[in-house]
1. Over the stretch 90-182, one equal point on each Cα, no solvent: what is log10 I(q)/I(0) by the Debye formula at q = 0.13, 0.19, 0.25 Å⁻¹?
2. Would you mind telling me the share, in percent, of accessible area of the chain contributed by carbon and sulfur at probe 1.4 angstrom?
3. Give me the percent relative contact order of the chain, please, defined on Cα pairs under 8 angstrom at least 6 residues apart.
4. So what is the relative contact order for the stretch 90-182, in percent, with contacts set as C-alpha pairs under 8 Å and at least six apart?
5. Just to confirm my numbers, what's the Cα centroid distance between the stretch 173-216 and the stretch 133-153 in Å?
6. Compute the helix-to-body angle for 212-221: its Cα long axis versus the longest principal axis of the chain, expressed 0 to 90° and rounded to tens.
7. First measure r as the distance between the Cβ atoms of residue 139 and residue 75, then evaluate 1/(1 + (r/R0)^6) with R0 = 25 Å and state the FRET efficiency to the nearest 0.05.
8. Go through the stretch 179-195 residue by residue and turn each phi into a ³J(HN,Hα) via Karplus (6.51, -1.76, 1.60, θ = phi - 60°); whole Hz please, and just put x for glycine and proline.
Amino acid sequence: MKQILKIGLDSAAPFPLHSDYNSSVFEGFEVDMIRAVAEVLNLELHYEVSLWKTILEKLYKGELDMICSAVTMTTSRQMILEFSKPYLQFQLCAVVNGGDGLTDLDSFKNKKIGIRTATEAEKYVMAQFPGNATVHTDTNDELYKKLLAHKIDVLIDDSPIVGGFLAKHQTLQIGMFMPGTESEYAIAMKKGDLALKHQINETLDLLRQNGVYDLIHDKWFNSIKLV
């Protein structure tokens, strides 16, 4: 009998990391990666979809085994959660409507900035641009719709997710990558769950060695600029 792994997913699906679990096709980089991990470890995957802040709380309480849903590994999060080895490097970047150029941080003066609630992008914007008007949304779709409707001047988001939206909306473009925001995604687990962390890390190493990781990476990020 296979061991069941309970995985938390952000209901605001961060494609191409993963699509909406409840849509007709559930797919993405993390979907392929965790399926490959489960195949090696003979695990059965059960997904739970909820708001970002809810799945973080459930993982902290031990109601989930892991979150594999564009989790940025940070020093503060490492104090309360276990993390696998990182599996994707990226940067924050600013997205604008075509023609609205950005050259440096001074270009953000008087601009209304959109960000998702409870994200590292939100923390960055609040620290870097304390004087700017900001708009906070719970979902990616809502955030990008506001930019397309010119209700905000610029949004700041993770480059993999930006790449997914730029593929759908040709009028949007990356204004600039935000300096000093080099980051990494990793699988988050309950603090102290070292046995699972060890299993996941060994399997991620194996997937890199046997070429499976590169195949999955190239499938989803071949035309997306991450850093």
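The values are calculated or read from the model by the stated rules, or taken from the named source; none is laboratory data. The shown structure was predicted, so the numbers you read here are calculated from the model rather than taken from an experiment. Cβ coordinates were reconstructed from backbone atoms using ideal geometry, including for glycine residues, and neighbour counts include every protein chain displayed. Areas reflect the complete protein model, heavy atoms only, side chains present, ligands, DNA and RNA absent. Shrake-Rupley method; radii C 1.70, N 1.55, O 1.52, S 1.80 Å.
1. -0.35, -0.80, -1.57
2. Working: 5460 of 10980 Å².
Its accessible area is 50 percent carbon and sulfur atoms.
3. Working: 402 pairs, mean separation 67.9, N = 227.
Averaging sequence separation for qualifying contacts and normalising by length gives 30 percent for the chain.
4. Values: 148 pairs, mean separation 48.0, N = 93.
Relative contact order here is 52 percent.
5. 28 Å
6. 20 degrees
7. Values: r = 27 Å, r/R0 = 1.07.
Calculated value: 0.40.
8. x, x, 10, 4, 9, 9, 8, 8, 7, 9, 9, 5, 4, x, 7, 6, 5
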